[in-house]
Structure formats: C-alpha cells, structure tokens
1. When you scan region 55-74, do you find a residue that is closer than 30 Å to Pro9 by Cα, surrounded by 18 or more Cβ atoms within 10 Å (Cβ to Cβ) and outside the structural domain of Phe11 (by TED's automatic domain parsing), even just one?
2. Check off (1) farther than 26 Å from Asp37 by Cβ; (2) within 16 Å of the ligand (Cβ to nearest atom) for Arg97 and give me the number that stays unchecked.
3. Hey, among Leu86, Leu125, Leu156, which residue is in a loop (DSSP other than H, G, I, E, B), within 16 Å of the ligand (Cβ to nearest atom) and surrounded by 15 or more Cβ atoms within 10 Å (Cβ to Cβ)?
4. Can you pull out the strands (runs of 3 or more DSSP E) entirely within region 18-63 that have at least 1 residues that are modelled with pLDDT of 90 or more and out of contact with any Leu (no Cβ under 8 Å at 6 or more places or on another chain)?
5. Criterion first (under 14 Å from the mean Cα position of the chain (by Cα), buried (at least 16 other Cβ atoms within 10 Å of the Cβ) and assigned by TED's automatic domain parsing to the domain that holds Phe20) does Ser115 satisfy it?
6. Can you name the residue in region 128-153 that is in contact with a strand residue (DSSP E or B) (Cβ under 9 Å, 6 or more places away or on another chain) and among the polar types (S, T, N, Q) and is also nearest to the ligand (Cβ to nearest atom) among such residues?
7. Hey, among the residues in region 109-122 that are out of contact with any helix residue (DSSP H, G or I) (no Cβ under 9 Å at 6 or more places or on another chain) and hydrophobic (A, V, I, L, M, F, W, C), which one's nearest to the ligand (Cβ to nearest atom)?
8. Look through region 89-122, keep the residues that are assigned to a strand (DSSP E or B) and among the polar types (S, T, N, Q), and return whichever of them is farthest from Pro161 (Cα to Cα).
Amino acid sequence: MPLKLWALPNFAGASKSYEFAVDEIVDNSSESAMVIDTRESAWLIYSEPQFQGECDVVESTANLVATRERVRSFRPIPRNTPCIALFEHSGYRGRMRVVTGPTTSLGEFNDRVTSVIVTSFIWDLFEHNDYGGKSVRLRPGRYRDPAAVGLGNDTLSSLRPT
Ligand SMILES: [Ca+2]
C-alpha cells in the first residue's frame with residue numbers, strides 16, 4: 001500500500017490504496033493523501049489531472065499531505081540507486097522521465113527538461129549529447145525550476161551519475 005487516499009479532508013471517510021501512477025482521479029472525491037510506505041518510491045501528488053497544478057513531493061511516512069483542495073493525479077518516483085527524475089515543466093509538472101544510469105542522449109526529452117528531482121546519487125548534467133558543453137553537478141534534492149537546476153531551461157541533453 002504505497003499511497004493511500006481518503007475521500008474527506010484530514011484522512012476521514014472511505015480510503016483507497018494505490019501502487020501506480022494515476023493521471024486523473026475520476027470519482028472526484030479524493031481530498032487527502034498519505035504515503036504509507038516510501039521505501040520503494042517517493043510520490044508526487046498534484047492538484048490537477050495529468051500531473052498539473054500544484055505538486056507536493058512526499059518522501060517519508062512523516063510527511064502527510066493534509067490536503068490539497070483535491071488530489072487529482074499522482075505518480076511515484078522509484079528509489080533505485082542511482083535515480084533522477086526529469087520533468088517537462090517547472091514544479092515537477094508535465095511529462096516525467098526517470099533515469100537510472102549514464103545517458104548519452106535523452107531522445108524525445110532532449111532540450112525539454114525544466115525541473116529535476118534527484119532521489120539518489122550525485123549526477124552530472126550536460127548541455128550537449130555525449131556529456132559535452134556546459135555542465136552542473138546535482139546532489140539529492142529538488143530543483144523546481146531552471147534557476148535551481150543551473151543549466152538553463154530546455155538545455156539538458158545528457159547526464160550520468162558520478
Ligand atoms: Ca542541449
């Protein structure tokens with residue numbers, strides 16, 4: 001039961017557990033969320049469908065999300081070692097790609113990354129393919145916009161754990 005949602009605020013009412021990403025909650029009634037077990041994954045919890053709106057990053061059982069107006073979509077980030085999650089938009093919104101090893105080219109994610117979460121290891125991020133051009137080194141943490149990442153918006157092309 002990695003993620004549990006309640007129908008009412010403050011963890012009241014009916015509850016349901018999830019193990020996988022949901023891009024839109026259709027019953028329209030999930031108002032509070034709690035991560036039950038974060039050993040295998042952290043969770044991103046959004047106020048709008050399709051991983052849009054405000055995002056809460058929940059990484060431990062002590063970290064309750066005691067409530068967004070509504071929880072409308074959510075997805076896990078695995079705790080592989082190493083692991084980094086790349087996002088199309090700021091605030092961890094939009095499409096996500098999880099990278100777990102050296103990557104010389106990001107393919108369709110090339111020059112599209114705007115925010116980043118590093119869950120394990122230290123990573124070097126590069127402006128060009130094959131670890132070329134300007135680079136930055138990121139430790140585990142959350143980098144919610146291009147200024148925090150430090151490489152420029154829509155610039156990242158390759159990356160590797162150190
Ligand atoms: Ca680039």
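1. No, region 55-74 has no match at all.
2. Every listed condition holds for Arg97 apart from (1).
3. Leu156
4. Counting at least 1 such residues, we get 41-48, 52-58.
5. Working: under 14 Å from the mean Cα position of the chain (by Cα): yes; buried (at least 16 other Cβ atoms within 10 Å of the Cβ): yes; assigned by TED's automatic domain parsing to the domain that holds Phe20: no.
Against the criterion (under 14 Å from the mean Cα position of the chain (by Cα), buried (at least 16 other Cβ atoms within 10 Å of the Cβ) and assigned by TED's automatic domain parsing to the domain that holds Phe20), Ser115 does not qualify.
6. First, the residues of region 128-153 that are in contact with a strand residue (DSSP E or B) (Cβ under 9 Å, 6 or more places away or on another chain): 128-146, 148-152.
So of that shortlist, the ones also among the polar types (S, T, N, Q) come out as 129, 135.
On the way: Asn129: 7, Ser135: 11 Å.
Among those that are in contact with a strand residue (DSSP E or B) (Cβ under 9 Å, 6 or more places away or on another chain) and among the polar types (S, T, N, Q), it is Asn129.
7. Kept after step one, since they are out of contact with any helix residue (DSSP H, G or I) (no Cβ under 9 Å at 6 or more places or on another chain), are these residues of region 109-122: 109, 111-112, 118-122.
Subset that is hydrophobic (A, V, I, L, M, F, W, C): 109, 118, 121-122.
Details: Phe109: 11, Val118: 19, Phe121: 22, Ile122: 21 Å.
Out of the qualifying residues, it is Phe109.
8. Ser115
The values are calculated or read from the model by the stated rules, or taken from the named source; none is laboratory data. These numbers were taken from a predicted model, which means no experiment stands behind them. Here the Cβ is made from the backbone with ideal geometry for all residues, glycine too, and neighbour counts use every protein chain on show.
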